[in-house]
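Encoded as structure tokens, the structure appears first; notes follow it.
Laboratory data are not the source of any read-out in this text; all were calculated from the coordinates shown. Bear in mind the structure is a predicted one, so any value in this text is a computation, not a measurement. Cβ sites come from the backbone with ideal geometry, for glycine too, and all protein chains shown count toward neighbours.
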Amino acid sequence: MINLFSISSYIALLATLSNIFSIGNNTYSTEIKSKSYYKTYTEIDSLSNYQLIWSDEFDIDGAPDSNKWIYDIGKGENGWGNNEAQYYTQDKKNIHIEDGLLKIIAIKEDYKGGSFTSSRIKTQGKFDFKYGIIEVRARVPEGKGTWPAAWMLGSNITTVGWPQCGEIDIVEHVGKELNTVYGTLHYPERSGGNADGSKLIIKNATTEFHIYKVDWSESSIRIYVDDKLIHEMKISPNIPFHHNFFIILNLAMGGNFGGPIDENIQKALYEVDYVRVYQKNK
Ligand SMILES: [Ca+2]
């Protein structure tokens, strides 16, 4: 016969030892340094309950689809606010689709105040959504100073500004921490060094493709790497994740997070296989 008292005592003991805790009906076990949550995507929801509402498979060679993406061009005020080193262009040498992949290429060259050129595209004004699952299959570049990302901003950034609009970082990788991938949420009071997120060390972020995923509902945001949950946040009504967000893909160099750039880097290649957005069947 199961002794409930013993089980709860055992769980309390385990919680002390390995930081197991519960959110709702789900029990999470975290390794304190990496904050990895050992819970798989399949335990939560099946994609069979969802339908694909938007995607880019990057399967037509050439420039990104202008029906889906626009460019951020330039150096950005103060390097997009992060002291970044690159100047973003829409040149083919910095961004194009080839072999079914979006390729964003940072190139070391002095150009209009930048010490690299690179590229940044976004769906702002073309596509945004509220709640759903977004998957990005990508391979990040290696090299100290590289800072690729797949992320989202609240479409109301044009009226309320940042961080009031909210920011969901699906994946970020900085070359100075090889194979450490970050999933992060930014919002008022959690916008800078105290952002709300987790990181996971994986074996081969720079040599293999991985699926970086966010499962965003009216009650929570969960960030996954290859179906492993790495971060979860309950989103109360007063946290700004209850409006439409648009998608951004970019490769930055240096900056506050990217750090010093290895002077031997001449080029860095960030590849994205697809971006897919699903919403629950109504
Ligand atoms: Ca593809």
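Here are the numbers for this structure:
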{"quantity": "Pairwise FRET efficiency - Asp262 versus Lys130, Cβ, R0 = 35 Å, nearest 0.05", "calculated": "0.30"}
{"quantity": "Förster radius 25 Å - calculated FRET efficiency between Ala195 and Asp59 (Cβ-Cβ, nearest 0.05)", "calculated": "0.15"}
{"quantity": "5 angstrom amide H check on Tyr50, placed H, neighbours 5+ away", "calculated": "Asn281"}
{"quantity": "Residue-wise HN-Hα coupling along region 55-69, computed from phi with Karplus coefficients 6.51, -1.76, 1.60 (Hz; x: Gly, Pro)", "calculated": "7, 9, 8, 6, 10, 10, 4, x, 6, x, 4, 6, 6, 10, 10"}
{"quantity": "Built amide H within the under 5 Å cut-off of Gln90, gap 5+", "calculated": "none"}
{"quantity": "Asn83 paired with Lys282, simple spin-label distance in nm, labels 7 Å along Cα-to-beta-carbon", "calculated": "4.8"}
{"quantity": "Nearest-0.05 FRET efficiency for Asp91 and Ser236, computed from C-beta distance (R0 51 Å)", "calculated": "0.70"}
{"quantity": "Nitroxide proxy distance, nm - points 7 Å out along Cα→Cβ at Asn156 and Asp227", "calculated": "3.6"}
